[in-house]
Structures are given as structure tokens and as C-alpha cells.
Amino acid sequence: MSTAGHSQQFAPPVTDDGRTELIGLDRAELEAFAASLGEPAFRARQLWHWIYHRGVTDFDAMTSLAKSFRAKLAERAAVGRPTVAIDRQSIDGTRKWLLRFLDGQEVESVHIPEEDRGTLCVSSQVGCTLTCKFCHTGTQRLVRNLGPAEIVGQVMMTRDALGEWPSPPDGRLLSNIVMMGMGEPLYNFDNVAKALKIVMDGEGISISKRRITLSTAGVVPAIERCGRELGVNLAISLHAVNDELRDHLVPINRKYPIAELMRACRDYPGLSNARRITFEYVMLKDVNDSPAEARALVALLKDVPAKVNLIPFNPWPGAPFERSTDAAIRKFSNIVFEAGYSSPVRTPRGEDIMAACGQLKSESVRAAKARAPKPADGAAA
Ligand code: SAH
């Protein structure tokens, strides 16, 4: 199946009362929209500044625009945000939002604050098609791709919540973005690319490609395009070092096996020792966490500028795995480290609010499941 088969281009969303949502339009589309209201192209640049640099949602506050233009905009256009359905904060400061879009579909976004920066984990799809065995989102079927407005909207809503308008030049609480929320971003590449180009634009939200990481389970044909077109950092959800186990844990491996995936990694545009691919490896007790597997991982990474990120398994209700012991994780990490690769263990964040890696699933789906009759054998999800 081609990656294009998974992508759907979206017409700009339209509000209930028929106004066009401007978020998610690229510069050319915004110019065309301004022209459709009888305005010169440079007005689009002013609009861009108000929308993406200042975070203004009310046309009346866009004081550098003529009153007549503002009135036309109010009639025909909207600058919206996803609706915050749930807003929860972990004891460690991690914050998770359940966001609702115009058609009622929902995703989660997670903000992970650190001392001198903060990372937003952004979703790319409602649900996911990949069915990775250890991932909670994988138990929710794919409902649809997110459009550019819905992807950019997650970032803008977070800026609102953190009070970070106008776009601060430094000291940001939202300094980094990881495309590691719900969904497989490379199965929705066109919309993700359009959204990230808006997010990276230096006259707007202005988060640089060096601070954006896209994580994929290995959609090999889209990897090169991601590097060439976006130049963002790449993370690979590897999780197993042989095809037999990876076929089971990460079923997309049956389509794009490890050798092909590693070839795409070696060819990723712009790699150097300063710009490495991150290999994510979930630590599953007695499944993939042996010293022999750590050594096999090192062998696989030969010739790839790489770093390894070990993720202790985060449990969810009914999950058929356990987290590796601390001793096993330490041993695994040491083997990788001694072979010359950085191999930090990712500290679980936001576990108390089910915001940690692999725990995301629309609360609405969770609630519906809880109401549904349980299967006779008691197996969850
Ligand atoms: N589909 C993309 C984006 C999701 S990223 C991808 O697979 O890369 C989410 C990351 O969390 C992935 O590395 C995923 O494998 C990992 N993950 C999923 N479930 C997990 C769990 N229960 N515990 C720890 N990490 C998990």
C-alpha cells in the first residue's frame, strides 16, 4: 500500500455557521483567501503575524488591518482552537489535554515541562492503524487523519494555556515538539508536513526543525521525504532486533522489515554525528530485554549516526506485558553505552494521569469501553 493511500488532503475546516478556518492554511492559501475578499496579497502577511506570532483569535483586535477588512473577516473567517474537553495535570507537572474537533472527534496532547524547556507531544491521527502490541493507542482503531488545522491547533492551544503569546524568542515553556502522540505521522504525511511547515515558520510560531522530532514505527517509503522536505529530527520505534519478534510487536515490520528500515535510516538526509537518529526501544520484561539483544542492537546500528532511547514499558489496563526490572534496564543500557552510543533511560512522565508514552487513548473511547459489556474471558481492549 502506498503512503499516499493513507493521506487525505483536507479542505479547510468550516465552522457551523459557514466561516472558513484560517489556521492550517499555508501562506499561498492565505493570500488567495485575502484576495477572495478583495484585499492585496500583503494583507495575508499581516494576518499571519496576528494569527501565528501574536496568537490573536479576535479579528477586531488585529488593529493594523483596516476596519472594513476586519469586518469582512469576522463575517467569512474564523481563527479557532480545538475545544479542551479535559485538562489534567500530573504531580510531576506534566499536563494532558483531551481535545475535541469540529466533528466531535478527539485526541490527546501532552506537555512535559523540564527545568529550562518543555516538550509538547502532538497527535497526528485519531486512533492508529499500527496495532503495536504494547501500545494503548494501538487498541483503538483508526478513525481518521488529522488535518493541518488540527495539528497546528494543538500547538496553539498549548501556547494559550502556557501564556506564551506573542511568540517568545527564548525561555519558552513550549520549546520542543515531538510527533509522538496518537497515530503514525508518516501515514498522514501531507497534513503533518503542512502543519509542521507552519509551526517552523520564522515569522510565526517559529519552532525550529532542530527542536522537532518525528517518530515513526517505520513507514520506509516516507522516511526520505520526511528528511528532504522537513529536515526534522527522526526517531524510530524499533523495539526488537530481529524480524520474528518485531513482526509480532510492531506489525508494520511485516511490510517493511528491519533491513529495509535500517537502509532508510542510513540514507536519511542531513545525518551527522551531531545530528543522529534516535532509536526508541520499549523495555518489556523477558520479551526483548536480554544482554544478547543489547549486543544485537549495537550491531544493527553500525554505520548509522544513532542514539538509543530506552523506554521502560508503561502499563495500561489489560496490557499483556510487564516493565523490565531496573537491573535489566541498567545492564542493557550499559552494553549500548559501552559500544559508544548514548543510551538514556526515558523517565516516565505523567503516569498518574495516563499521559506517559503509549498510554494515550481518547478518554471518550476509554469511557465507552468501560460502559460496554466485558468479554467473557475478561481480556481488556
Ligand atoms: N506511531 C509513531 C508515533 C507514536 S510515538 C511511532 O510508533 O513511533 C509513541 C512512542 O511510545 C513509540 O516509540 C511507541 O513505541 C512508544 N510506546 C508505545 N506504547 C508504549 C508503552 N506502553 N510504554 C512505553 N512506550 C510505549
**Report entry** Hey, Thr278 part of a strand (DSSP E or B) and either closer than 22 Å to Thr213 by Cβ or within 14 Å of the ligand (Cβ to nearest atom) (or both) or not
**Finding:** yes
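Could you say which residue among Ala296, Ala319, Ala339 is farther than 15 Å from Tyr281 by Cα and at pLDDT 95 or above? So that I can check it myself, show each step before the final result.
On the way: Ala296 fails: farther than 15 Å from Tyr281 by Cα; Ala319 fails: at pLDDT 95 or above.
None of the others qualify; the one that does is Ala339.
Mind listing whichever residues of region 50-77 are of a type in the set (A, V, I, L, M), over 25 Å from the mean Cα position of the chain (by Cα) and outside any loop (DSSP other than H, G, I, E, B)? Outline the logic, then answer.
Taking region 50-77 first, the residues of a type in the set (A, V, I, L, M) are 51, 56, 61-62, 65-66, 71, 73-74, 77.
Going one step further and asking which of them are over 25 Å from the mean Cα position of the chain (by Cα), we end up with 61-62, 65-66, 71, 73-74, 77.
Once the filter is applied, which keeps residues that are of a type in the set (A, V, I, L, M), over 25 Å from the mean Cα position of the chain (by Cα) and outside any loop (DSSP other than H, G, I, E, B), region 50-77 yields Ala61, Ala71, Leu73, Ala74, Ala77.
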Query raised in the report: If you take the residues of region 210-224 that are more than 16 Å from the ligand (Cβ to nearest atom) and more than 14 Å from the chain's Cα centre (by Cα), which of them is nearest to Val143 (Cα to Cα)?
Result: Glu224
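So which of Ile277, Ile311, Ile353, Ile329 is touching a helix residue (DSSP H, G or I) at 6+ places or on another chain (Cβ under 8 Å) and touching a residue at least 12 places away in the same chain (Cβ under 8 Å)? Before the answer, list the steps.
Details: Ile311 fails: touching a helix residue (DSSP H, G or I) at 6+ places or on another chain (Cβ under 8 Å); Ile353 fails: touching a helix residue (DSSP H, G or I) at 6+ places or on another chain (Cβ under 8 Å); Ile329 fails: touching a helix residue (DSSP H, G or I) at 6+ places or on another chain (Cβ under 8 Å).
Residue meeting the stated conditions: Ile277.
If I filter region 225-246 down to residues being part of a loop (DSSP other than H, G, I, E, B) and more than 12 Å from the ligand (Cβ to nearest atom), which single residue comes out as surrounded by the most Cβ atoms within 10 Å (Cβ to Cβ)? First the steps, then the outcome.
Our first condition is that a residue be part of a loop (DSSP other than H, G, I, E, B); within region 225-246, this holds for 230-232, 238-242.
Remaining after also requiring more than 12 Å from the ligand (Cβ to nearest atom): 230-232, 241-242.
Numbers: Leu230: 19, Gly231: 17, Val232: 24, Val241: 21, Asn242: 14.
Applying the filter and picking the extreme gives Val232.
Please indicate, with yes or no, whether at least one residue in region 126-134 is in contact (Cβ under 8 Å) with a residue 24 or more places away in the chain, among the hydrophobic types (A, V, I, L, M, F, W, C) and closer than 20 Å to Thr15 by Cβ. I'd like the intermediate steps shown before the answer.
Of all residues in region 126-134, those in contact (Cβ under 8 Å) with a residue 24 or more places away in the chain come to 126-134.
Next, from what is left, pick out any that are among the hydrophobic types (A, V, I, L, M, F, W, C): 126, 128, 130, 132, 134.
Now restrict to residues that are closer than 20 Å to Thr15 by Cβ: 126.
Among the residues of region 126-134, at least one is in contact (Cβ under 8 Å) with a residue 24 or more places away in the chain, among the hydrophobic types (A, V, I, L, M, F, W, C) and closer than 20 Å to Thr15 by Cβ, which makes the answer yes.
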Requested in this report: Collect the residues in region 147-182 that are of a type in the set (A, V, I, L, M, F, W, C), touching a strand residue (DSSP E or B) at 6+ places or on another chain (Cβ under 6 Å) and either within 13 Å of the ligand (Cβ to nearest atom) or in a helix (DSSP H, G or I) (or both), keeping them in residue-number order.
Outcome: Ala149, Ile177, Val178, Met179, Met180, Met182
Report task. Please work out which one of (1) out of contact with any Gly (no Cβ under 7 Å at 6 or more places or on another chain); (2) farther than 24 Å from Lys194 by Cα; (3) part of a loop (DSSP other than H, G, I, E, B); (4) not small (Gly, Ala, Ser) is the condition Arg88 fails and give its number. Result -> (3)
Query raised in the report: Is it fair to say Arg346 is within 15 Å of the ligand (Cβ to nearest atom), in contact with a Lys or Arg (Cβ under 9 Å, 6 or more places away or on another chain), modelled with pLDDT of 85 or more and not polar (S, T, N, Q)?
Result: no
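The values are calculated or read from the model by the stated rules, or taken from the named source; none is laboratory data. Since the model is a prediction, treat every value here as computed from it, not as a measurement. Reconstructed Cβ throughout: ideal geometry from the backbone, glycine too, with neighbour counts over all protein chains shown.
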